[in-house]
Amino acid sequence: MQLEMVDDYPDVVIACCGGGSNFAGITFPFIPDKIAGKNIRLVAVEPAACPTLTRGVFAYDYGDVAGMTPASMMYTLGHDFMPSGIHAGGLRYHGDSSLVSQLYHDGLIEAVAVMQNPTFEAAMLFAQTESIVPAPESAHAIRVAVDEALQAKKEGVSRTIVFNLSGHGFLDLGSYDMYLSGKTEDVALSDTELQESLKSLPRV
Ligand SMILES: Cc1ncc(COP(=O)(O)O)c(C=O)c1O
């Protein structure tokens, strides 16, 4: 793989997590090493407005709002969960893939939830330093990659941090405009909303 070509191995691999596809794509190749005891961290990043892994329940649920799909075991906020209108639209899904969910349940991967404004702040830093405008979804991974780098700097250690830039943000310039105009809000899911939404879980 590419890291072998530069004779390196990650200390931490980070990706945003909506349903889990891009997270799985970049982290699953490292799972066998992780199971074998290798010291590597695999971190899924989700919005605080849709905190599926960090605050959801591990239960059978439907993959779709209408409840037409077979129920499968996953971390979920309830299939009729309606997230607030954050700008990372691709991270507003109520559940996570069964494989990602099981790995989280088994403690092989970590998850962290981040707020919207610090996410855009990291996206701006990335755009200004790398000349790539990231998608708001990808900016979630960038936020945590920046935090990991700052933490390593604070500890005075060198750390290989790999993250997945899952998409560009050219279709999201309106969202950047709102952020730069101070119109984006930091929203976290309330406990009341979560409990209400979990009532939609199927009885199995
Ligand atoms: C740019 C981008 N990144 C990440 C995601 C998250 O999806 P997944 O977790 O399934 O990879 C999406 C979803 O639409 C997306 O558009």
**Prompt:** So what is the 222 nm mean residue ellipticity for the chain from helices alone, if each DSSP H run of at least 4 adds -39500 (n - 2.57) and you divide by all residues, rounding to the nearest 500 deg cm²/dmol?
**Reply:** -11000 deg cm²/dmol
**Message:** What distance in nm separates the two pseudo spin-label positions at Lys154 and Val57, each 7 Å out from Cα along the beta-carbon direction?
**Reply:** 3.5
**Message:** Only counting other Cβ atoms within 10 Å, I'd like Arg203, Arg55, Arg159 sorted with the fewest neighbours first.
**Reply:** Arg203, Arg159, Arg55
**Prompt:** Rounded, prolate or oblate: which one fits the stretch 2-198, using the alpha carbon gyration tensor with axes a ≥ b ≥ c (rounded when a/c is under 1.5, else prolate when a/b beats b/c, else oblate)?
**Reply:** oblate
**Prompt:** Taking 0.36 nm per residue of separation and subtracting the Cα-Cα distance, what length does fully extending Met68 through Met178 add?
**Reply:** 36.0 nm
**Asked** What shape does the stretch 164-204 take by its C-alpha gyration tensor, where a ≥ b ≥ c are the square roots of the eigenvalues and a/c under 1.5 counts as rounded, a/b above b/c as prolate, and the rest as oblate?
**Response** oblate
**Request:** Taking the Cβ of each residue in Thr69, Thr119 as the centre, tally the other Cβ atoms inside 10 Å and list the residues starting with the fewest.
**Result:** Thr69, Thr119
**Message:** Only bridges whose two residues both fall in the chain count here: according to DSSP, what percent of them are antiparallel, nearest 5?
**Reply:** 35
**Message:** Using 0.36 nm times the number of residues separating Asp106 and Phe28, minus their current alpha carbon distance, what extension gain do you get?
**Reply:** 26.7 nm
**Request:** Starting from the Cα gyration tensor of the stretch 124-166, take the square roots of the eigenvalues, sort them a ≥ b ≥ c, and report rounded, prolate or oblate (rounded when a/c is under 1.5, otherwise prolate if a/b is larger than b/c, else oblate).
**Result:** prolate
**Asked** What is the extension gain from Thr192 to Ser21, computed as 0.36 nm multiplied by their sequence separation minus the C-alpha to C-alpha distance, in nm to one decimal?
**Response** 58.7 nm
**Message:** Going through the cross-link list Lys34/Lys199; Lys38/Lys153; Lys34/Lys154; Lys34/Lys183, which pairs have a Cα-Cα distance over 32 Å in this structure?
**Reply:** Lys34/Lys199; Lys34/Lys183
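Every read-out reported here was derived from the displayed coordinates using simple, explicitly stated rules and does not represent laboratory data. Everything quoted here is computed from the prediction, not taken from an experiment. No Cβ is skipped: glycine too gets one built from the backbone with ideal geometry, and neighbour counts run over all protein chains shown.
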